1. Quote the charge dipole size of the chain about the Cα centre in Debye, to the nearest 20; the model charges only the Cβ of Lys and Arg (+1) and of Asp and Glu (-1).
2. Taking amide hydrogens as modeled 1.01 Å from N in the peptide plane, which residues meet the under 5 Å criterion relative to Ile261, leaving out close sequence neighbours?
3. Work out the length of the dipole vector of the stretch 83-173 about its Cα centre, built from +1 on the beta-carbon of each Lys and Arg and -1 on the beta-carbon of each Asp and Glu, and round it to the nearest 20 debye.
4. Considering the dipole of the chain built from charges on the beta carbon (Lys and Arg +1, Asp and Glu -1) around the Cα centre, which of Ala76, Tyr276, His90 is farthest to its positive end?
5. Over the chain, what is the relative contact order in whole percent, taking alpha-carbon pairs under 8 Å and six or more residues apart?
6. What is the calculated FRET efficiency for Asp217 to Asp28, with r their C-beta to C-beta distance and R₀ = 45 Å, to the nearest 0.05?
7. Among the lysines, select those whose C-alpha is under 18 Å from the C-alpha of Lys108, and discard any that sit fewer than 8 residues away in the same chain.
8. At q = 0.06, 0.14 Å⁻¹, what base-10 log of I(q)/I(0) does the Debye formula yield for the chain when every alpha carbon is treated as an equal point scatterer in vacuo?
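No value in this document is a laboratory result; all are computed from the given coordinates. Not measured: the values here are computed from a predicted model. Neighbour counts run over all protein chains shown; Cβ positions are idealised from the backbone, glycine included.
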Amino acid sequence: MEKSERAKERKEKRLQEISLLRTIPYSDHQRWWSAETVAVVTGGNRGIGFEISKQLAAQGVTVVLTSRDHSVGLEAAKVFQEGGFNVFCHQLDVLDTASITEFCDWLKQNYGGLDILINNAAVNFNQGFDNTVEYASQVITTNYYGTKNMIQAMIPLMKPSVAGARIVNVSSRLGRINGKRSKIEDVCLREKFSNLDTITEELIDQTVSSFLQQVQDGTWESGGWPKTFTDYSVSKLAVNTYTRLMAKMLSDRPEGQKIYINCYCPGWVKTAMTGYAGNISVEAGADTAVWLALLPDLAVTGKFFAERREISF
Ligand code: NDP
């Protein structure tokens, strides 16, 4: 059997295991959360974000489903409310400072803060073998800076708790440093991204700026950037690396005020982003986010996951 076929078989087996794991209810002593636990999901109006909201609400968490188009978000939340779930909607555009500020005020006033943040909102304009960078600026800004905006805005609102607050960044294997199909050619730069001691916010910001500058100059194709879904891959490399950096920066918070931050790849999921061409369902794609967000005795931070297992950055 070919190596790729064996890998495919292993993945299918793991997805089957996960669908079984999902049927096992959390025991009372594992449930550190209650209806008072508040989870904020960005881009919750559709796709994986909608499903993450559903699965968190089904576990009894209060979910604030956010949507940049308020009317669409209200419709989505209504579906859950009719099903008896504690899901409420608020407008939020992760790139609009006024929208973020207004959301923070509302969240503080109505819920006193939050316990879980799922950074799910993102964009991608390529499918199949396409690799346009026409929307590179929007891709980098939404996926990386939008995630960063939310982390910075939400950290001061994260409630102290014994279990620790949690941030889950929805990312992608395409952002892997040494990914087979998508990696930066510059070995020195790859080494800097690999080593936590050399990762800085400036390194990430300068890398994405340099990519965008080359897109503007028309020189990006010879710049040694990832070959597949270039803008999206660069944006997710930035998200992954920022996750590691934030985990390090948050690590010295005292007991009772811990914030754990991790990222995960949902796999290739049947959503609008893939033109519904993915090979796994939204239920399976949302699973690892919910598992990470609710993990009892979570002591893990700054890691990358897929199918409920740690994978390399
Ligand atoms: P969708 O395109 O279905 O959903 C994306 C969501 O992000 C929508 O709700 C969209 O809102 C929202 N969004 C986009 N821009 C903004 C913004 N500026 N402010 C707030 N919300 C915004 O994609 P998926 O559900 O497939 O993707 C969800 C996550 O999973 C993303 O992070 C994606 O990168 C990641 N992912 C997906 C994979 C897949 O195979 N589908 C694979 C790997 C990772 P609106 O409806 O208004 O456009």
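1. Details: 34 positive and 35 negative charges, 193 e Å.
Dipole about the Cα centre, nearest 20: 920 debye.
2. HN-HN under 5 Å from Ile261: Ile167, Gly302.
3. Details: 5 positive and 7 negative charges, 83 e Å.
Using only the charged Cβ atoms, the result is roughly 400 debye.
4. Tyr276
5. Details: 570 pairs, mean separation 58.9, N = 313.
With pairs under 8 Å counted, the relative contact order is 19 percent.
6. On the way: r = 59 Å, r/R0 = 1.32.
Result of the calculation: an efficiency of 0.15.
7. Lys159
8. Taken in order of the listed q values, log10 I(q)/I(0) reads -0.19, -1.10.
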